[in-house]
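*Asks:* Please see the structure below; I have some questions.
Here, each number is a calculation from the coordinates, and none is a lab measurement. The shown structure was predicted, so the numbers you read here are calculated from the model rather than taken from an experiment. Cβ coordinates were reconstructed from backbone atoms using ideal geometry, including for glycine residues, and neighbour counts include every protein chain displayed.
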Amino acid sequence: MNNNNLSLRPVTDKDEEFLFQVYASMRMDELADLDWSQQQLTYFINQQFQAQQHHYKTYFYDTEFSIILDEGIPIGRLYVDRRDNEIRIVEIALLTEYRNLGIGSYWLNLILKEAKEKNIVARIHVERYNPALNLYKKLGFQVIEEGDVYHLMECKP
């Protein structure tokens, strides 16, 4: 993957279908074992997506909501909340075919560099069983809070 082709642009109202695709691609793996019809899966994932969108807009209203682009083609999303004392990575997610290519690492390293320059921590909530947990640890994040569903991880400058 050539990281020189990667860029970000702000999320617009026209991106909702794409954002849903990214969300659905993340959830399909964990829901694959359920004995649900495609219609039931789509309905459930849409409900969860709408709830997540509402949560982000309610609690992270100052967040930079971005679409990750590869040569101008949308491939994922990156939501970053820059605060005085931390950079909170609210969400980083890629379509399935763009995972494990170093794209997430690229953006995370840029965020960690920014946090280091500002001498503040970077934090992220990660699901306990998220395969990316190992990536975060490799990049220097450490678990500072263990929850039933999510770990709060932090990387100090």
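*Asks:* Taking each pair of distinct Cα atoms in segment 10-157 once, what is the resulting Kirkwood hydrodynamic radius in Å?
*Replies:* Answer for segment 10-157: a Kirkwood hydrodynamic radius of 16.2 Å.
*Asks:* Using the structure shown, select from Lys113/Lys156; Lys57/Lys118; Lys57/Lys113; Lys113/Lys138; Lys57/Lys137; Lys57/Lys156 the pairs with a Cα to Cα distance greater than 18 angstrom.
*Replies:* Over 18 Å Cα-Cα: Lys57/Lys118; Lys57/Lys113; Lys57/Lys137; Lys57/Lys156.
*Asks:* Once you put a point 7 Å from the Cα of Tyr59 and another 7 Å from the Cα of Leu31, both along the Cβ direction, what distance in nm separates them?
*Replies:* In this crude spin-label approximation the distance works out to 2.1 nm.
*Asks:* Another question about this same structure. Report the label-to-label distance for Ala51 and Tyr150 in nanometres (one decimal), using points 7 Å from each Cα along the Cα→Cβ vector.
*Replies:* The answer from the label model is 1.3 nm.
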